[in-house]
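Below is one structure, written out as structure tokens; comments come after it.
The values are calculated or read from the model by the stated rules, or taken from the named source; none is laboratory data. Since the model is a prediction, treat every value here as computed from it, not as a measurement. No Cβ is skipped: glycine too gets one built from the backbone with ideal geometry, and neighbour counts run over all protein chains shown. Remember, those area values only see protein heavy atoms, side chains included, never the ligands or the DNA or RNA. Shrake-Rupley method; radii C 1.70, N 1.55, O 1.52, S 1.80 Å.
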Amino acid sequence: MFGLDNRSALVTGAGSGIGAAVARAFAAAGARVLVTDIDEQAAKATAESIGEKAEYRALDVRDAAGAQEAAKQAAALTDGTLHILVNNAGAIAPAMFPKMTEEAFRRIVDIHLVGSFVCSQAVLDYLPEDGSGRIINVTSAAGLEGTIGQANYGAAKAGIIGLTKSLAKELARRQVTVNALAPLAATPMTENIRSNEKLAAKTLARIPLGRWAYPDEIAGSFVFMASDAAGYITGQVLPVDGGTVM
């Protein structure tokens with residue numbers, strides 16, 4: 001029920017953090033994985049850590065032509081069908097709202113939200129209609145609750161929730177499920193919080209389980225959403241955050 005044998009997956013932002021952990025977990029569950037990242041060397045390192053079940057390529061998720069080529073490559077890992085897309089690529093550019101530049105706002109929205117749109121559109125022709133097609137988006141507590149100093153990130157992640165629900169309704173007729181996960185983990189993107197004693201203590205105080213997750217702990221929820229076990233789940237947002245937003 002939780003196996004991914006004979007399935008192919010494309011994971012964006014998989015050069016490190018949660019994306020890398022998800023790519024490894026998919027391969028361990030039996031899938032063949034295309035590891036993508038804007039940093040080609042980081043993508044290569046993740047793919048090499050997986051072995052023969054993985055390939056890699058550089059991908060800027062905002063580039064529609066590049067996303068199309070990535071989808072084609074990922075589908076070729078199996079029989080020309082791409083079963084799973086994980087829209088994980090992201091970035092941060094924190095600033096208090098009065099000092100946030102328009103460029104910083106647009107850049108973060110483009111990477112997270114527009115990138116998820118571009119990659120989801122790129123894989124449509126390769127997704128099967130037998131109930132095994134999956135689009136898994138990555139949102140955040142910032143998209144559910146808002147966050148101080150990251151209006152751009154919060155807006156992008158909230159937009160991903162709306163995109164998820166709209167695509168879930170539209171693609172249901174094709175038996176493709178679309179869901180979002182809202183993880184919280186110790187990754188390079190949270191380093192600025194974890195390395196600041198005051199911010200780290202404040203964040204931990206909001207987590208009922210009282211600790212940060214490791215990326216590998218988060219990856220299991222992606223395997224679940226990609227597997228047959230989640231075949232009747234669509235349009236949902238699942239926080240994987242130690243109870244932070246419950």
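Annotations for the structure displayed:
- Scalar couplings 3J(HN,Hα) for the range 10-18, obtained by applying the Karplus form with A = 6.51, B = -1.76, C = 1.60 to θ = phi - 60°, are 10, 10, 8, x, 9, x, 6, x, 5 Hz; x denotes Gly and Pro.
- Dividing the mean sequence gap of close Cα pairs (under 8 Å, 6+ apart) by how many residues the range 93-175 holds gives a relative contact order of 41 percent.
- Entry note, the range 1-72: relative contact order of 28 percent, from Cα contacts under 8 Å with a spacing of 6+ residues.
- The range 1-31 and the range 164-227: distance between their alpha carbon centers, rounded to Å: 15 Å
- Look at the dipole of the range 152-246 built from charges on Cβ: of Ala230, Ala180, Ala158, the Cα furthest out on the positive end belongs to Ala158.
- Applied to the range 20-28, the Karplus parametrisation 6.51 cos²θ - 1.76 cosθ + 1.60 on θ = phi - 60° returns per-residue 3J(HN,Hα) values of 5, 5, 5, 4, 5, 5, 4, 5, 5 Hz, with x for Gly and Pro.
- Shape call, the range 105-144: gyration tensor on alpha carbons, a/c limit 1.5: oblate
- Relative contact order, whole percent, for the chain stands at 21, derived from Cα pairs under 8 Å and 6 or more residues apart.
- Applying both filters, DSSP loop and at most 16 other Cβ atoms within 10 Å, to the GluC sites (Glu not before Pro) of the range 44-117 gives Glu52.
- Leading residue at positive end of dipole, the chain (Cβ point charges), from Val11, Val118, Ala168: Ala168
- Computed with a 1.4 Å probe over protein heavy atoms only, the accessible surface of the chain comes to 46 Å² per residue.
- With the helix formula -39500 (n - 2.57) applied to DSSP H stretches of n ≥ 4, the chain reaches a computed 222 nm mean residue ellipticity of -12500 deg cm²/dmol.
- Around the amide H of Leu4, modelled in the peptide plane, lie the amide H atoms of Gly30, Ala31, all under 5 Å away and 5 or more residues distant in sequence or on another chain.
- Under Karplus coefficients 6.51, -1.76 and 1.60, residue-wise ³J(HN,Hα) of the range 71-81 in Hz, glycine/proline x: 4, 5, 5, 5, 5, 6, 5, 10, 10, x, 10
- Residues Met96, Met1, Met246, sorted by accessible area with the largest first, give Met246, Met1, Met96 [1.4 Å probe; ligands and nucleic acids excluded].
- Rounded percent of accessible protein surface that carbon and sulfur make up, the range 87-246, 1.4 Å probe: 57 percent
- Highest mean packing first, where packing is the average number of other Cβ atoms within 10 Å per residue, the peptides 204-215, 224-235 line up as 224-235, 204-215.
- Cα-only Debye scattering, the range 118-246: base-10 log of I(q)/I(0) at q = 0.09, 0.10, 0.12, 0.16 Å⁻¹: -0.29, -0.35, -0.50, -0.83
- Dipole moment magnitude, nearest 20 debye, the chain about Cα centre, only Lys, Arg, Asp, Glu C-beta charged: 640 debye
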